[in-house]
Structures are given as C-alpha cells and as structure tokens.
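A.B. asks: Below is a structure I'd like to ask you about.
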Amino acid sequence: MPFPTYHVGVNGFFGLLLRRWVDPFVIVAANVIIDLEVLFAPGFPEYHRHWHFHTFLEGGVIGAAFGVLCWLFSGIISRAMKLVRIPYEPKLWKMCLAGTLGFWLHVLMDSFWHWDVQPLRPFTSRNDFWRMFKHTYPNDQVHRWIIVISIILSVGAVILYILAVLEFNKSRKRKDVLDKSETLISNNEQETPNIE
C-alpha cells in the first residue's frame, strides 16, 4: 500500500529530534514522494514493484534532489511551518540531508516489510534485510514489530511536536516583547526635548 502512515511517524520523530541538522518538512514529505513510484508500477496494486527510489544509492540521490526542489519553494514551506508553529529556518544542506535520510529510512523500513525491495541495488538485487528474518520469524510477526516501533516513535514525534510548538510560542513572545521595548525606546527618543 502506498503512503503507509507508519513511515510518517518515524520520519516525523527523526525530523523533529534532529531539527538542528535535518529539515523536518522535507524528511516527512520524502516519504510521500518515494512511494509515487509504487503507484506507477506495472500491475499495481496486484503486483507491487519497488524500483529505483527504493534503493539506498539511487534513492539517496533522488532524495537529495528532492531536497533541492524543496529549497526552491522554501518560502512557501516556511509559511506552512509557521502555520503549524514549528521554528523553521530553511537551508539547502539541511534540506538535501533530510531528503536523503527520509528516503533511506523509508527504504530501510520497507526492506523488512516487502520482499521485492532491492535496497542494495545496483550491487545486488537481493533483499538481505527481508531474508534476515524470513527464516526466523513469520512475516506477520516482523510486521507487528515494525508497527509497534512505529507507534512508539509516532508518540515520540507528537511529544517533540508539542515541545517545538512551545518553543515557537516562547520565541514569538520574546520577539513581541523586544519589538515593544524597541518601539518604546524610539518613541521616548523622539519625545525627549532637545535642551541647549
């Protein structure tokens, strides 16, 4: 299924946790973009094929390119982040890193979930991550663990989001106080009579 919600919580957690180095918008949006290729797979939804995006090498490059594309629209993204009250400062290197990490986290999670992901392509077409647990645990048990980890990280993302909103509001109040004090100072300077 394209656009599974378990990816958004995990990448949201890492995007908010690593906000200083990673762009939170791009790392979450990368999860939607990477699954666009699944929609165009031949025979979708019966036969579901993960192609170029779902590899570490090619996906990482495409993720970085997605970061550059987002940087071109950083003004719009900044306004959107202001609406959701997350402190935000767009930088090209953060957006490229976030796009790459977003794709890589998605590929890593899908490698355990789907047999047809080829994470190490072009070096090998095998999915060693999926094979690693195939003989030890039934597929549904691996899926349950992925979902449990995703739920835990999603709760962590909500907590980090609340903290980011509190930080945003605090910095906003501080800025308002500074603006008011600067206004008062400039008004006082204008009103002070010049005695000579």
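A.B. asks: Compute the FRET efficiency between LYS91 and VAL155 as 1/(1 + (r/R0)^6), taking r as their Cβ-Cβ distance and R0 = 22 Å, and round to the nearest 0.05.
C.D. replies: Approximately 0.15, to the nearest 0.05.
A.B. asks: Give me a comma-separated list of calculated 3J(HN,Hα) values for region 157-167, in order, Karplus coefficients 6.51, -1.76, 1.60 applied at θ = phi - 60°, integers in Hz, x for any Gly or Pro.
C.D. replies: Coupling constants for region 157-167: 5, 5, 4, 5, 5, 4, 5, 5, 5, 4, 5 Hz.
A.B. asks: Separate question: Would you mind ranking LEU153, LEU17 by Cβ crowding within 10 Å, fewest neighbours first?
C.D. replies: Listing LEU153, LEU17 from fewest to most nearby Cβ atoms yields LEU17, LEU153.
A.B. asks: Find how much the distance from LEU166 to LEU39 grows on full extension, using 0.36 nm per residue of separation minus their present alpha carbon separation; answer in nm with one decimal.
C.D. replies: Between LEU166 and LEU39, full extension yields 41.9 nm more.
A.B. asks: Using a simple spin-label model with points 7 Å from Cα along the Cα→Cβ vector, what separation in nm is obtained for MET132 and ALA65?
C.D. replies: According to this spin-label approximation, the distance is 2.8 nm.
A.B. asks: Among LYS94, LYS173, LYS82, what is the fewest-to-most ranking by other Cβ atoms within 10 Å?
C.D. replies: In increasing order of surrounding Cβ atoms, one gets LYS173, LYS82, LYS94.
Throughout, read-outs are computed from the coordinates displayed, never taken from laboratory work. None of these values were measured; they are calculated from a predicted model. Positions of Cβ are generated from backbone atoms using ideal geometry, with glycine treated the same way; all protein chains shown enter the neighbour counts.
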